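Notes follow the structure.
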Amino acid sequence: MLAVGTNSAKVIQQNNFDLTTPEWVANSVVYQIFPDRFRRSGRVEEQSPLTLREWGSDPKTQGFHGGDLYGVIDSLDYLESLGVNCIYLNPVFSSTANHRYHTYDYFKVDPLLGGNLALQSLIESLHQRQMRIILDGVFNHCSRGFWPFNHLLENGQDSPYKDWFHIYKWPLCPYPNDREDCGYGCWWNDPALPKFNHHHPPVRDYLIRVACYWIEQGIDGWRLDVPDELPIDFWVEFRQKVKSLSPDIWIVGEVWGDARPWLNRSLFDGVMNYRLGWSTLCWVAGSNLNKTYTNPSYPLRSFDSQEFLDVLKTTSEWYSSEINRCQFNLLDSHDVPRALNTLKGDLYSLKIALFMLFLYPGAPCIYYGTEVGLQGGEEPACRESFPWDKPWDLDLREYIQSLCRLREILPVSLRESMQWESIGVDGLFIYSDTEKNSSLSQKPSLSIWINRNRSSSLQIKQLSSNYQVIVGTFQVSHSLLSPQSAVIFF
């Protein structure tokens, strides 16, 4: 792994834009943490006189379980042993919501999480281990408690901050009833989330100053919340300022679908690659897919091998290889049902999906608790507390460790050269060759076979005597890959 702090960025020219991409991302394994639900340390003084919800109780929209950043520090041995070398934290700044997307002070870490000192200790602890950290940047909207908006509520049209927001009706009504209009632009018509006016220079200056401040404090990247709802020219300025501080900073946009307007114009290094997530789960699940969650940006429908490869090919070809190396690849997150929920609790399907996630170019991300069998459904159910003191439903730690080791011996160039072919309805054949012209009749340098079928074995062609069974079983004597199995030949 590249040493933290070294300048490993690569600069390329694309569509008349300079694109500086952090090379460390391609060799990263990310672990996403929802801070309130990951681990309670018992060392945050601010929590001591307060009433918190019982750890492990129903993950409701409101109420705090008390996870904190010292709890994350206490878990670094655990995370490092998994093979994780980068963590992504959901918002940590002062907020009245347990998910902390309602920010009221962008320069202060929430006191319930341990405050600024806790984040600084976490950054230092990670960097001592050659691990990295990216934070969640919520720059589209704030909360009703954000000081300029509060100033507006107190002073009305006489407030000098009235141009910070989209005001269209006075007086403002921040807590409207069903028949009232709040009078200002807000995210998805939620009065709790006033939208910034990004065309107002002081707003832009403030938000970019926030981004730069935390980079100067040592963070390694930003995951940007709903960036497609902000003006593109804001992101042009954002990138220029951020990359001027460190070209190695990873800028990840939360764009669920086609991100070419942001990626091919060199505004972000990558996006949260939800298309890989839902398509992978849909394929490994087959007819056993849980389709109760409905979201056009995360469509859950059963399809065969060729349909899956069509999605994979389209997504990959949208972007350059430099961008694909910087993609944030995931199966699930705090915004969608957990992978195990979508897979109806099927362990073998989950293991195959994780294996495929580790094969893609870019950085695979494990959502906290995946390795111990958490399977909450639609939010907020997918934000349950990590069961540190209870028996785990599953223990995939050794399996994830093996995937991390496998990824270490598969260089970026090899993963990028992999060719994917469908074998009937339920099989995949993946091979790598420097000429990129191998076929089933030739012997590539590496080959992988995956069988998702739950009842039938897949007849395969042994292309080497050296192999490793990743999932399930492989009958060597008959060259049969058992149901729900995967094998790799070296």
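Work out from phi, with θ = phi - 60° and the Karplus expression 6.51 cos²θ - 1.76 cosθ + 1.60, the ³J(HN,Hα) of each residue of region 208-222, listed in order in whole Hz, and give x for Gly and Pro.
Whole-Hz 3J(HN,Hα) from phi for region 208-222: 5, 5, 4, 4, 5, 4, 6, 5, 5, 7, x, 5, 10, x, 10.
Where a ≥ b ≥ c are the square roots of the eigenvalues of the C-alpha gyration tensor, would you call region 148-189 rounded, which needs a/c under 1.5, or, failing that, prolate if a/b is larger than b/c, or oblate?
Details: a/c = 2.13, a/b = 1.62, b/c = 1.32.
In terms of gyration-tensor shape, prolate.
Place the peptides 253-264, 43-54 in order of packing, highest mean first, counting for every residue the other Cβ atoms within 10 Å and averaging per peptide. Please report the intermediate quantities before stating the final value.
Details: 253-264: 19.0, 43-54: 12.7.
Answer by packing, highest mean first, reads 253-264, 43-54.
Which net charge results for the neighbourhood of residue 125, defined as the other residues with beta-carbon distances under 13 angstrom from its beta-carbon, given Lys and Arg at +1 and Asp and Glu at -1? Kindly include the intermediate steps, with their values, before the conclusion.
Working: positive: 129, 132; negative: 74, 77, 80, 124.
My count for the surroundings of residue 125 gives -2.
Taking 27 Å as the cut-off for C-alpha to C-alpha distance, list the pairs among 60/108; 108/162; 291/313; 60/291; 291/390 that go past it.
Working: 60/108 25 Å; 108/162 23 Å; 291/313 24 Å; 60/291 22 Å; 291/390 29 Å.
Violating the 27 Å limit, Cα to Cα: 291/390.
Over region 364-490, what relative contact order in percent results from Cα pairs under 8 Å that are six or more residues apart? All intermediate terms of the calculation are to be shown ahead of the outcome.
Working: 187 pairs, mean separation 20.3, N = 127.
With pairs under 8 Å counted, the relative contact order is 16 percent.
Nearest 20 debye, what's the magnitude of the dipole of region 148-189 about its Cα centre given +1 on Lys and Arg Cβ and -1 on Asp and Glu Cβ? Don't jump to the answer; show the numbers that get you there.
Details: 3 positive and 6 negative charges, 13 e Å.
Roughly 60 debye, rounded to the nearest 20.
Under a 5 Å amide H to amide H cut-off, with H placed in plane at 1.01 Å, what residues pair with residue 446 once short-range neighbours are removed?
Residues meeting the criterion, in which the H sits 1.01 Å from N, are 432.
Amide H of residue 95: which non-local residues (sequence gap of 5 or more, or other chain) have their own amide H closer than 5 Å, using H built in the peptide plane?
Result for residue 95 returns 104.
Rounded to the nearest 20 Debye, what is the dipole magnitude of the chain about its Cα centre when Lys and Arg each give +1 and Asp and Glu each give -1 at the C-beta? Provide the component values of the computation, followed by the final result.
On the way: 43 positive and 56 negative charges, 167 e Å.
Around 800 debye, computed over the chain.
Find out how many positive minus negative residues lie around residue 372, taking Lys and Arg as positive, Asp and Glu as negative, among other residues whose Cβ is under 9 Å from that of residue 372. Before the final figure, lay out each step's value.
On the way: positive: 397; negative: 371, 393, 395.
Net charge in that neighbourhood comes out at -2.
Which of (i) 40, 25, 22; (ii) 37, 24, 22; (iii) 62, 33, 19 is the computed semi-axes √(5λ) of the Cα gyration tensor in Å for the structure on display?
(i)
Please name whichever of 86, 387, 481 sits farthest to the positive end of the charge dipole of the chain, dipole taken about the Cα centre and charges placed at Cβ: Lys and Arg +1, Asp and Glu -1.
Positive-end residue among those listed: 481.
Lys/Arg Cβ at +1, Asp/Glu Cβ at -1, dipole of region 340-490 taken about the Cα centre: which of 396, 429, 357 is farthest positive-ward?
429
For region 14-92 and region 325-359, what is the separation of their C-alpha centers, rounded to whole Å?
Cα centres, region 14-92 to region 325-359: 18 Å.
Can you list the residues, at least 5 places off or on another chain, whose amide H is less than 5 Å from the amide H of residue 137, using H built in the peptide plane?
223, 224, 225
Please list, in order along region 132-137, the HN-Hα scalar couplings obtained from phi with the Karplus expression 6.51 cos²θ - 1.76 cosθ + 1.60 (θ = phi - 60°), rounded to whole Hz, x for Gly and Pro.
Result, rounded to whole Hz: 10, 9, 10, 9, 8, x.
By average Cβ neighbour count within 10 Å, what is the ranking of 400-406, 116-122, 174-180, 475-481 from highest down? It would help to have the intermediate numbers written out before the result.
Details: 400-406: 17.0, 116-122: 18.7, 174-180: 9.1, 475-481: 13.4.
Highest mean packing first, the order is 116-122, 400-406, 475-481, 174-180.
Rule-based calculations on the coordinates, nothing more; no lab input. Predicted, not measured: the structure shown is a model, and the values here were computed from it. For neighbour counting, all protein chains shown are included, and Cβ atoms are generated from backbone atoms with ideal geometry for every residue, glycine included.
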